[in-house]
1. Compute log10 of I(q)/I(0) for the stretch A:28-159 with the Debye formula, placing one identical point scatterer on every Cα and leaving out solvent, at q = 0.10, 0.15, 0.22 Å⁻¹, to two decimals.
2. Of all DSSP beta bridges in the protein assembly as shown, what percent run antiparallel (nearest 5)?
3. If you take the beta carbon distance between D:LYS292 and B:ARG45 as r and set R0 to 60 Å, what does 1/(1 + (r/R0)^6) give as a FRET efficiency, to the nearest 0.05?
4. Charges at C-beta only: +1 for Lys and Arg, -1 for Asp and Glu. How large is the resulting dipole of chain A about its Cα centre, in Debye rounded to 20?
5. Which is farthest toward the positive dipole end of the stretch C:248-287 among C:MET269, C:ALA286, C:TYR251, measuring Cα position about the Cα centre, with Cβ charges +1 (Lys, Arg) and -1 (Asp, Glu)?
6. Excluding residues on the same chain fewer than 8 positions from B:LYS2, give the lysines whose Cα lies under 24 Å from its Cα.
7. Let me check against my output: what whole-number percent is the relative contact order of chain D, with C-alpha pairs under 8 Å and at least 6 apart?
8. Comparing B:ALA195, B:ALA16, B:ALA167, which has the greatest mean-square fluctuation in the GNM of chain B with Cα pairs linked when under 10 Å apart?
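Quick note: the coordinates plus some simple rules give every number you see, no bench work behind them. The model shown is predicted, which means the values in this text are computed figures rather than measured ones. Glycine gets a Cβ as well: all are built from the backbone with ideal geometry, and neighbour counts include every protein chain shown.
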There are 4 protein chains.
Amino acid sequence: MKVGFIGLGRMGSGMARNLLRAGHEVVVFNRSREKAEALVADGARVADTPAAVCSVSEAVMTMLADDHAVEQVAFGENGIASALPAGAIHISCSTISIALARRLAAEHGRRGQRYLSGPVFGRPDAAESKKLLVIAAGPADVVEHCRPLFDAIGRQTFVVGSDPSQANAVKLCGNFMIAATLEAFGEAYAALRKAEVGPHTFLDVMSTLFGSPVYANYGRLIADEKFEPAGFALRLGLKDTRLVLEAAEEYAAPMPLASLIRDNFLSAMAHGQADQDWSSVTRVAARNAGLK
Amino acid sequence: MKVGFIGLGRMGSGMARNLLRAGHEVVVFNRSREKAEALVADGARVADTPAAVCSVSEAVMTMLADDHAVEQVAFGENGIASALPAGAIHISCSTISIALARRLAAEHGRRGQRYLSGPVFGRPDAAESKKLLVIAAGPADVVEHCRPLFDAIGRQTFVVGSDPSQANAVKLCGNFMIAATLEAFGEAYAALRKAEVGPHTFLDVMSTLFGSPVYANYGRLIADEKFEPAGFALRLGLKDTRLVLEAAEEYAAPMPLASLIRDNFLSAMAHGQADQDWSSVTRVAARNAGLK
Amino acid sequence: MKVGFIGLGRMGSGMARNLLRAGHEVVVFNRSREKAEALVADGARVADTPAAVCSVSEAVMTMLADDHAVEQVAFGENGIASALPAGAIHISCSTISIALARRLAAEHGRRGQRYLSGPVFGRPDAAESKKLLVIAAGPADVVEHCRPLFDAIGRQTFVVGSDPSQANAVKLCGNFMIAATLEAFGEAYAALRKAEVGPHTFLDVMSTLFGSPVYANYGRLIADEKFEPAGFALRLGLKDTRLVLEAAEEYAAPMPLASLIRDNFLSAMAHGQADQDWSSVTRVAARNAGLK
Amino acid sequence: MKVGFIGLGRMGSGMARNLLRAGHEVVVFNRSREKAEALVADGARVADTPAAVCSVSEAVMTMLADDHAVEQVAFGENGIASALPAGAIHISCSTISIALARRLAAEHGRRGQRYLSGPVFGRPDAAESKKLLVIAAGPADVVEHCRPLFDAIGRQTFVVGSDPSQANAVKLCGNFMIAATLEAFGEAYAALRKAEVGPHTFLDVMSTLFGSPVYANYGRLIADEKFEPAGFALRLGLKDTRLVLEAAEEYAAPMPLASLIRDNFLSAMAHGQADQDWSSVTRVAARNAGLK
């Protein structure tokens, strides 16, 4: 398929490369051009603007940092909305608000363009090695049409609904589930340290009890207090928690555990941890127990 | 080894049977005698009182419902403390408070008896099939002496410290980790139902993301709203949460997520869910979102 | 002083009337003109647009429902920013976000106009009877220049800082303090009802203990469960709580009690209480205790 | 009336003195005898044991630190239960658990003795100056019989029910209401300090808005950070919060704000604040905002 890809950060580069590996014709754009050039060797063509990407693509995927960046690329000068041909598809893979997903669906629809949300679970190494989980939502025929693209970037594609924002809701709730695990580890480790049980001892038990790589990996990060370099920065964890709480407000569904997590992220921000890994939110529980 | 076993409920029966299978000489006691008789065919001898169990045992394991039951059996008339020979060992496998674990260690010590905590993770079927995780703590030589007993009842033994109460702290924190998962599922499912994403859809993603049997099994129970018969009754979940919060108070380590879980268990109690599975605590999040 | 007044709802009408009573020349504007006409008998002149108000005023006060309304009136077509003479002053009395207060200060400043925040505490009857508390912030000379206006509408004026957004922060935190009282009453009443102590009995004690009209009045509303008609609608209470939490995020100062209040407002929204008085948030605690 | 008084700490001494001033014949006991002797000049007689107090009294009031102290004096050797004549009355004014209040009612009843709960609101200076609020509960005729005693020690007596434990529930919920105020101040002050609004500025507004001595006094203590000497020690505040949560559990009425307060008291304990005034719990919010 002729596909555009905009946003070649640590996640996007791997995703674009896997599209190329799967045999798609890929035109790329990135604000700092050198990241785009880096994909030429893999077969990508480089465009000068988002609009230039659109003019030659059936579908354009975006993988950007936050709502603001997506709004700029979608609705700014030389943006996607201004240039995407009628019937062509914008697929937003970024972790954005459900409000923005709805606006994208509405604005593209108004222009005769089509829109899907396709956010992903996984870190940069998973993006590179095609191990992402892809959460797709949008009109069934459009999703099916794009399935080869989703399958090219991930190990499994989950279609969760016909309204694109449903994929964003699932993505945000998934990140919330992971953050809940971080918080639970933080509290248990802090209490146990005061009982003179070391975190690695508890981790051994939990790794076996849950049998989950997520528990094993994050449990170790936290036990080791290895929060730099960040795999996923705490300020982004705070952003995602804000987004899930915004969604909770729109759905009128209280999420008190998400509120607790948000408050702890804020305390971590106040202690200068914005650029540490989000698992360092567990330092808040430790501090509140008077540790270190 | 000559070992006694007191408390033959759904957990204890399986544990005692596995001690017999491993070749130990087992004397059993249960308040309602028929459960003890049921083990005779497997080679157990039945005693009339806890004291009678103790008089012929090097080690006595207890698996009882709560602090009160353990206190009765340990310190009541014809109880363990009154009859256990000097040097013999009481191993409490029940999920009890750290305060009681300390009292047991102190009282047995005063009498020249020895004490270990050996609480377990796993449901009755895991007890039967020798798949429990055993958390052991106490003086290192005593733990090593009893290792054959631990190995006989579980698939893995974790020695977490030399103070018996440390095993209870680990057990309580482990249950807290599971309860945190329940709460997270409850909030996410409720929000997503209002977004018209079904719980089974979200469960598919989470099962893959976490790759954990705990997530798969509890996630399904909750999605199916199959809360009866209870695998683990909600009132016991509340009890364990109370115990972890008591521990948190003793350690001066706040556990706000445990507090949140406790409050939701209380709301579930107020809605008549005491005997449903503890995963039904997720109905609180659903109700607070106005669902059903 | 020649003063404009925009926004003649239940609060604004009383405030504008008190400006007239104090001898100021007042030009008024309201989206639905009849509310403006109603003030003619008191001496007001009616303008056709916000811009028309500005052209003849040294200072223009706005008293509107929320950020959106203020943005429309300030920056929309025929809005204040487009028409306010250089050196003239916009005083926003609405309960708005600190972010919007900052934007107003910046945008007016860029145009050579001046800006103050002057939010108020008090209900419509207090606005009518000149019993509001006025919270003012902005450059000291501008605040002093406008003090006669503040003194005309309230019983006391508190100058809380030189950055206008500080007044908004104080107003939002004040509403949070009241909401905290509501939540505390809700929880205590629910527990005591289950102890068969009636809310009015507890209220008698609390009225005496705190000696506060806020406690006496809200305590009675809640004990009587008299939530309609709303003195202050629950959806507005939710809005203000959202704003205080946004402020908390900007300041990196966790407010877990505000988070709890927000979650309970959401639950109330989910149960159809948007247009009841915000004190009906206490029904959430009652429901969670299984009452009614 | 012939009345006994046991427990002559900072609260009890003032209360006993006011009984004497009202013309009652008072026999006193205190563990450290010199505090009892100090009342001889006011007309008190000193007894050597609680039992000796009982033998000459129609009613015996106790004002002790906690459940443990009350249990000792009521049920210990030479305790009240062993010596109080049939028909005589034990009035417990201490802040104790509802469980202990029930046990006192049952045990005294079994012995043909009578029991009332009569906890009080007020600090030592209020006890001295007869300004306490007295919360009384028990059988109506017994309460009426003892009303002269209640009226002698306080400025107002509230009869809240016929089950003594109801008075304890009201007392615990009242302390919770005050603690909620502390928490609200803590969070607001912390956020506002980061907005560069000083706590005294906010306090001015809140004092006027709430018009409550509780707000004015505690608000100033917290703004001044004057936490020593303690008017009411933080570890006692934690105890009372534990008791209100125990009551909440018995009533199956979740009190999430009480849970939040408990967690913050625990954090304060972990930071060595046990003997500071309980209003120093507000330092937890400040620390979580990265202040100081």
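1. -0.30, -0.70, -1.56
2. 15
3. FRET efficiency, D:LYS292 to B:ARG45: 0.35.
4. That gives a dipole near 200 debye.
5. Towards the positive end, the residue furthest out is C:ALA286.
6. Hits, sequence-local ones excluded: B:LYS35, B:LYS130, B:LYS131.
7. 14
8. Of the options given, B:ALA195 has the highest mean-square fluctuation.
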